[in-house]
Amino acid sequence: MDAVDRVQQAFAAVPRAGFLPRGARSRAGHDGPILIGHGQTNSQPRTVADMLRLLDVQPGQRVLDVGSGSGWTTALLAHLTGPAGEVVGVELEPALARWGAANLAAARMPWAEIHEAAAGVLGAPDRGPWDRILVSAEARTLPQALVDQLGDPGRLVLPVAGSMTLVVRDHGALVTSRHGHYRFVPLRTTPGA
């Protein structure tokens, strides 16, 4: 089965409505970002699908979700890895980390978890290396701290200076490519900064 079909299946299996504020759930089918509080958004579904296709998650992989927000991307990643995989979401805003973890728990995917990110730490370096890393916030430049957490082979997808960026590590070599222009909230390492 190709990545397109697997991403479509993940979207069908993990409805966005369960990861939106109660008052916004009726807009779950809207193909645009939806505010979830603390200056953060639940990303546009088409953008999430594009990112997941670039990431090319395989069953059984270890995946890091940076900026997990409402938990929707973490749950989508968990569907793609299946129970043999491991997905860890990190979220900087404490209230969003708690809410996202509760949303994820309701989705019943015990191989996935969401934690509050440690201030000043990008990703989860103590848990790496990762087969795949997804970042749902825009960096000004490619963060070396995340590249360092990427396994070999591995794939990292994140927006950098407005361009969706794919970093592939294979046999020690890094190849970076750009895949269209997108807008995201800024990538931060301290809450509310």
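Miscellaneous remarks
- Scanning the range 135-193 for residues that are at positive phi and either among the aliphatic types (A, V, I, L, M) or open to solvent by 50 Å² or more (accessible area, probe 1.4 Å) (or both) returns 161, 171, 172, 192.
- Residue in the range 112-122 that is assigned to a strand (DSSP E or B), open to solvent by 40 Å² or more (accessible area, probe 1.4 Å), closer than 25 Å to residue 59 by Cβ and of a type outside the set (D, E, K, R) present: yes
- Residue list for the range 133-152, filter: at pLDDT 95 or above, under 18 Å from residue 81 (Cβ atoms) and of a type outside the set (A, V, I, L, M, F, W, C): 149, 151
- Among the residues of the range 61-77, those identified as part of a strand (DSSP E or B) and of a type outside the set (A, V, I, L, M, F, W, C) are 62, 65.
- Among (1) under 13 Å from the mean Cα position of the chain (by Cα); (2) at pLDDT 95 or above; (3) at negative phi - the single one residue 49 does not satisfy: (2)
- Cβ-Cβ distances below 8 Å connect no pair with a first residue in the range 14-31 that is at positive phi, a second residue that is in a loop (DSSP other than H, G, I, E, B), and a separation of six or more residues or different chains.
- Hits in the range 83-101 - residues which are open to solvent by 60 Å² or more (accessible area, probe 1.4 Å) and either under 26 Å from residue 161 (Cα atoms) or of a type outside the set (D, E, K, R) (or both): 83, 84, 99
- Taken over the range 1-25, residues that are open to solvent by 60 Å² or more (accessible area, probe 1.4 Å) and farther than 15 Å from residue 77 by Cα amount to 5.
- Failed item in (1) open to solvent by 50 Å² or more (accessible area, probe 1.4 Å); (2) farther than 25 Å from residue 31 by Cβ; (3) assigned to a loop (DSSP other than H, G, I, E, B), with residue 128 passing the rest: (1)
- Filtered by the rule that a residue be outside any loop (DSSP other than H, G, I, E, B) and under 19 Å from residue 93 (Cα atoms), the range 23-40 gives 34, 35, 36, 37, 40.
Conditions (1) touching a Ser or Thr at 6+ places or on another chain (Cβ under 9 Å); (2) assigned to a loop (DSSP other than H, G, I, E, B); (3) over 25 Å from residue 181 (Cβ atoms), marked per residue:
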| position | (1), (2), (3) |
| --- | --- |
| 5 | no, no, yes |
| 17 | yes, no, yes |
| 46 | no, no, no |
| 49 | no, no, no |
| 58 | yes, yes, yes |
| 110 | no, yes, yes |
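- Yes/no for residue 40 being polar (S, T, N, Q) and either surrounded by 21 or more Cβ atoms within 10 Å (Cβ to Cβ) or touching a residue at least 40 places away in the same chain (Cβ under 8 Å) (or both): yes
- Residues of the range 88-102 classified as touching a Lys or Arg at 6+ places or on another chain (Cβ under 8 Å) and in a strand (DSSP E or B), total: 1
- Single match in 105, 28 (criterion: surrounded by fewer than 18 Cβ atoms within 10 Å (Cβ to Cβ) and touching a Lys or Arg at 6+ places or on another chain (Cβ under 7 Å)): 28
The values are calculated or read from the model by the stated rules, or taken from the named source; none is laboratory data. Everything quoted here is computed from the prediction, not taken from an experiment. All Cβ positions, glycine included, derive from the backbone under ideal geometry; neighbour counts span all protein chains shown. These accessible areas exclude ligands, DNA and RNA; they are computed on the full protein's heavy atoms, side chains included. Shrake-Rupley method; radii C 1.70, N 1.55, O 1.52, S 1.80 Å.
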